[in-house]
Amino acid sequence: MSAATSPRLNFRVRPETEARLRAAAAASGQSLTDFVISAAEDRADDVLATHTVVPAEYFSRLLEALDSPVEPNAALRELAQRPRAFEPR
């Protein structure tokens, strides 16, 4: 990561937290910065995945589309005429 990559985040930690982070970073073969950023990104992804909500309107349209019958078009008809790529067991 280069110094011009992005804005800085500065925060304070207890000495025992710093020691644990440094030990974990060393054990994983990463710099302290890379270790902390990776761990923070993973945690942020987990939190956002459980707190991101699909808008009701989008979800309603999705279910409606899934429930609607497929209208065959030229491409779909052509695909249906092709030989199977595999045989069922």
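Among the residues of segment 36-57, the ones that are over 26 Å from GLU18 (Cα atoms) and surrounded by 10 or more Cβ atoms within 10 Å (Cβ to Cβ) come to 0 in all.
In segment 23-45, the condition of being in a loop (DSSP other than H, G, I, E, B) and of a type in the set (A, V, I, L, M, F, W, C) is met by no residue.
Here the condition is being outside any helix (DSSP H, G or I) and loosely packed, with under 10 Cβ neighbours inside 10 Å; of GLU71, GLU16, GLU64, it holds for GLU71 alone.
Readers should treat all values here as calculations from the given coordinates under stated rules, not as data from a laboratory. Every value quoted in this text rests on a predicted model; they were computed, and no experiment measured them. Cβ: placed from backbone, ideal geometry, glycine included. Neighbour counts: every protein chain shown.
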